[in-house]
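What follows is one structure encoded as structure tokens, with my remarks underneath.
The values are calculated or read from the model by the stated rules, or taken from the named source; none is laboratory data. If you're wondering where the values come from, they're calculated on a predicted model, not measured in any experiment. Cβ: placed from backbone, ideal geometry, glycine included. Neighbour counts: every protein chain shown.
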Amino acid sequence: MTPTVVRVDGLTKRYGSFTALDRVTFDLEENRIYGLLGRNGAGKTTIMQLLTGQLFPSDGEIEVFGRTPAEHADVLRRMCFIAESQRYPEDFTAAHVLKAAPWFFENWDAAFAERLVADFRLPLKRRIKKLSRGQLSAVGVIVGLASRAPLTFFDEPYLGLDAVARHIFYDRLLEDYAEHPRTVVLSTHLIDEVANLLEHVILIDQGRILLDRDAEEVRGTASTVAGPRATVEQFVADRPVIGREALGGLASVTIDGRLDQADRVRAAELGLELAPVSLQQLIVHLTGTDLAGSTEQEAAA
Amino acid sequence: MTAVVNAPIAQSTSRVRPNEIWRIVRLHAVNPSVFFGVPWIILGAAWIVSIVIAMIIGGAGAPEDDIREGMRYSWAVLSPQWYLIVVGVQAVAYTFSFALGFGATRRDFWLGTAVMFVFVSIEMAAAIATLVQLEQLTDGWGVGASMFDSLWYGQQGWLVDFYATFALQLLVLFIGAAITTVYMRWRIRGMLILTLSAIVLVLGLIALATFTESWPQIFGWLGSIGIVGIFSLILGLAAVFALAGFLVIRRATPR
């Protein structure tokens, strides 16, 4: 039996006529790593702001540690959420942030924070305003890790981080998570970077949940079938198709659902190629193709 | 089946949370120059300018009594107030968003901020009231300058000067903070409505007083309640802004 730390039911957030979140329902269980995935503007940050009581829902229910989060100190003190666009007090430096953190997070580990500062080469005395995008992300990552809050949110932690820093985050999170289990929610549109970290995936697009599944399960669910167009079409005829590409007489079709042994044998007999679909590819298929391009660009940057 | 984790927080925390409120005070003070440094740099610069002006006038041969009388109308003693309005604005515009990210409640944030404002006001009031006394004792810092002993200061002793500065300081800080809560809750639309309503209200009061020809009575009444009376009104106004800010910030959202 796994305790549930977050329960969200029919959660809706409207801004005037714009619906940022549309009747979203999900649960988060204790001590797992969740990926809150989706394109820019999908509603990821809105969900996290609602869960941490920073926003008020237009409709629906939120329970975090058994209570509505907004204005409940006993719930809020068990969470840590440094938003990607977090504002800091005027003239604040990273040193100020780290000095204040232990007053707010009872499990704060100052030694761990110091080690992370060295790992990420974060300049402590420089004003936050003057930090680069990657250094700003590092501030959020360091606070998120060292706070050891029972429910920790990382909002686009990879934004602007170089390859070494991304690797450090990955390693430190897994190390520390093994020693101090907690519930982690990681929002990102750089999916391949975090795919191996995630235990559960919640995919959101245009304010709605498209997918809410165990990551292991997601990895196995979709396959790409490639070969002569007519043969491929025949093979996928009564299967749920989530993506279709064609080039001349050849086609490559992505189907949702597991292929069993008989399917594989049949595909081989028909001369079709089967390929697994990565988490990122699956999500691209589910949310549209623009994501692939933007992700690669940003990962390279 | 799953169960919601709620056992450890079954007992609700008290509505008065000294630790949660105190940490907001510390958060405001973690970079002490904002509240305690810059105001004194501004005041110090104004002081140097006042001394130099007094020396120039003195050097030109004007009698010291005339210099002091003329400088009574200098507003140099109020120079940090403009900056402190901005500090009030920034406390809500920036520190509020940050405190929410660190898991503070809006209620604790406002109470902690109010405590900080009271501390700053006491500090400014005690210092300025003392500087008025010093200026009087040293005959205007030896050159007949009259920066602190000006306007309503220096007339009824240390305690009245303290009270006046305290009330004015609280009003300045709470005006900045409370108006910003309107922005944090209703954004630009709220600010426009607030500004327009304030203009209409002020113009309306002016029109009312003018058409009823009651300006002499108003000034007469203000004169009769004296410095302490007027600054009690200001302190009351500060309390109104403090309460309004508290009510508005309870549903405010960070940017």
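Of note:
- Residues in the stretch A:11-21 that are exposed (fewer than 14 other Cβ atoms within 10 Å of the Cβ) and in a strand (DSSP E or B) were compared, and the one that is farthest from the other protein chains (Cβ to nearest Cβ) is A:18.
- When the stretch B:137-164 is filtered for residues that are within 21 Å of residue B:48 (Cα to Cα) and among the β-branched types (Val, Ile, Thr), the ones remaining, listed by number, are B:138, B:143.
- Residue within the stretch A:192-208 that is closer than 22 Å to residue A:104 by Cβ and in contact (Cβ under 8 Å) with a residue 40 or more places away in the chain present: no
- The residues on offer are A:87, A:23, A:39, and the sole one that is more than 30 Å from residue B:25 (Cβ to Cβ), among the basic types (Lys, Arg), assigned by TED's automatic domain parsing to the domain that holds residue A:183 and touching a Lys or Arg at 6+ places or on another chain (Cβ under 9 Å) is A:23.
- Checking each residue in the stretch A:39-57 for being more than 14 Å from chain B (Cβ to nearest Cβ) and touching a Leu at 6+ places or on another chain (Cβ under 6 Å) picks out A:39, A:43, A:44.
- Residues of the stretch B:231-255 classified as away from every other protein chain (no Cβ under 14 Å) and loosely packed, with under 15 Cβ neighbours inside 10 Å, total: 5
- Hey, residue A:60 more than 12 Å from chain B (Cβ to nearest Cβ), surrounded by fewer than 19 Cβ atoms within 10 Å (Cβ to Cβ) and at pLDDT below 95 or not: no
- One residue from A:172, A:213, A:166 being touching a Pro at 6+ places or on another chain (Cβ under 9 Å) and surrounded by fewer than 23 Cβ atoms within 10 Å (Cβ to Cβ): A:166
- Any hit, the stretch A:65-76, residues being more than 11 Å from chain B (Cβ to nearest Cβ) and within 19 Å of residue A:203 (Cα to Cα): no
- Looking at B:67, B:128, just one residue is at pLDDT below 90 and surrounded by 15 or more Cβ atoms within 10 Å (Cβ to Cβ), and that residue is B:67.
- Within the stretch A:12-55, the set of residues being more than 25 Å from residue A:216 (Cα to Cα), in contact with a Ser or Thr (Cβ under 7 Å, 6 or more places away or on another chain) and hydrophobic (A, V, I, L, M, F, W, C) comprises A:20, A:21, A:55.
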